[in-house]
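Peer 1: Below you'll find the structure I mean.
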Amino acid sequence: MTEQQKPLPPCFEIGADGWCRPDEVVRQSSPNCDARPEGCVADLLVIHNISLPPGQFGGSYIADLFGNRLDYDAHPYFEQLRPLRVSSHFLILRDGGVVQFVSANDRAWHAGASCFEGRERCNDFSIGIELEGTDFEQFPALQYRALATLTHALQLRYPLAAVAGHEHIAPGRKTDPGPFFDWTQYQQALAGHAAKTPGEPALRFPAIDKKVN
């Protein structure tokens, strides 16, 4: 079965507790989270990429990192990760599968030092989605389809107003999701969901001058 022949991802549903149903995603709760500041709502979506070791896909290393159980001796690269305590709300795998680590109601530790439109500490008001990938190769169509479906579900639950890459909220420090992430493809996939929900507010996307083909 080819990538394009595989079925679409399920229509995710975010519950009042901020979690997708367990039949829609794999749940692996991360301890690296806390409550959002009082009165702070999630209105920004931040897109990242991650692979561990860099450039290698599959396996449990990403989930292990977010769960503070990574075997730092398993690869030389991992030693520099030893002091980190990080997480993301969601991870979308290369095949479109989704893992959820933190309730979207809570603050995941995904953005670090960051600023969006004059507001610092983006973890306070953002939801983080990691794509299994790198800055150096294309993302599969299945990931865009899952990302669009998940974004739509989050829009139905939270007052999301904008989407940004990690590179846009931490310029000079971060580069992901990188030049191979196709923002146009993402927006087009999301538009297909929005067309089924009349009156749904449109998200603001970063201005992209060019992308790598």
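The values are calculated or read from the model by the stated rules, or taken from the named source; none is laboratory data. Everything numeric here is computed off the predicted structure, so don't read it as measured data. For neighbour counting, all protein chains shown are included, and Cβ atoms are generated from backbone atoms with ideal geometry for every residue, glycine included. Surface areas here come from the heavy atoms of the whole protein model, side chains and all, with no ligands, DNA or RNA. Shrake-Rupley method; radii C 1.70, N 1.55, O 1.52, S 1.80 Å.
Peer 1: For the range 142-155, does any single residue satisfy the condition of being surrounded by fewer than 20 Cβ atoms within 10 Å (Cβ to Cβ), in contact with a strand residue (DSSP E or B) (Cβ under 7 Å, 6 or more places away or on another chain) and under 23 Å from residue 204 (Cα atoms)?
Peer 2: Yes: the range 142-155 contains one or more residues that are surrounded by fewer than 20 Cβ atoms within 10 Å (Cβ to Cβ), in contact with a strand residue (DSSP E or B) (Cβ under 7 Å, 6 or more places away or on another chain) and under 23 Å from residue 204 (Cα atoms).
Peer 1: Residue pairs, Cβ under 7 Å, 6 or more apart or interchain, first in the range 105-130 and closer than 14 Å to residue 167 by Cα, second among the hydroxyl-bearing types (Ser, Thr, Tyr) and crowded, with 18+ Cβ neighbours inside 10 Å. List them.
Peer 2: 110/87; 110/88; 111/126; 122/114; 128/88; 129/88; 130/88
Peer 1: Additional query: Restricting to the range 62-97, name every residue that is within 19 Å of residue 139 (Cβ to Cβ) and crowded, with 20+ Cβ neighbours inside 10 Å.
Peer 2: Selection gives 62, 88, 89, 90, 91, 92, 93, 96.
Peer 1: Out of (1) modelled with pLDDT under 95; (2) more than 24 Å from residue 55 (Cα to Cα); (3) loosely packed, with under 13 Cβ neighbours inside 10 Å, the odd one out for residue 159 is which?
Peer 2: Residue 159 satisfies every listed condition except (1).
Peer 1: Would you please name the residue that is nearest to the chain's Cα centre (by Cα), looking only at residues in the range 127-139 that are open to solvent by 10 Å² or more (accessible area, probe 1.4 Å) and within 17 Å of residue 187 (Cβ to Cβ)?
Peer 2: 139
Peer 1: Can we say residue 182 is surrounded by fewer than 21 Cβ atoms within 10 Å (Cβ to Cβ) and in contact with a Cys (Cβ under 8 Å, 6 or more places away or on another chain)? Talk me through it step by step, then tell me what you get.
Peer 2: Working: surrounded by fewer than 21 Cβ atoms within 10 Å (Cβ to Cβ): yes; in contact with a Cys (Cβ under 8 Å, 6 or more places away or on another chain): no.
No; evaluated as a whole, the condition is false for this residue.
Peer 1: Only one of 195, 189, 170 is surrounded by 19 or more Cβ atoms within 10 Å (Cβ to Cβ) and at pLDDT below 95; which? Talk me through it step by step, then tell me what you get.
Peer 2: Working: 195 fails: surrounded by 19 or more Cβ atoms within 10 Å (Cβ to Cβ); 170 fails: at pLDDT below 95.
Just one listed residue meets the conditions, 189.
Peer 1: Picking from 124, 176, which residue would you name as being of a type outside the set (Gly, Ala, Ser), modelled with pLDDT of 95 or more, open to solvent by less than 70 Å² (accessible area, probe 1.4 Å) and in contact with a Cys (Cβ under 8 Å, 6 or more places away or on another chain)? Can you show your working first?
Peer 2: Numbers: 176 fails: in contact with a Cys (Cβ under 8 Å, 6 or more places away or on another chain).
The match here is 124.
Peer 1: Right, here's the next one. Scan 141, 35 and give me the residue that is in contact (Cβ under 8 Å) with a residue 60 or more places away in the chain, touching an Asp or Glu at 6+ places or on another chain (Cβ under 9 Å), small (Gly, Ala, Ser) and closer than 20 Å to residue 14 by Cβ.
Peer 2: Numbers: 141 fails: closer than 20 Å to residue 14 by Cβ.
Result: 35 is the single residue among 141, 35 that is in contact (Cβ under 8 Å) with a residue 60 or more places away in the chain, touching an Asp or Glu at 6+ places or on another chain (Cβ under 9 Å), small (Gly, Ala, Ser) and closer than 20 Å to residue 14 by Cβ.
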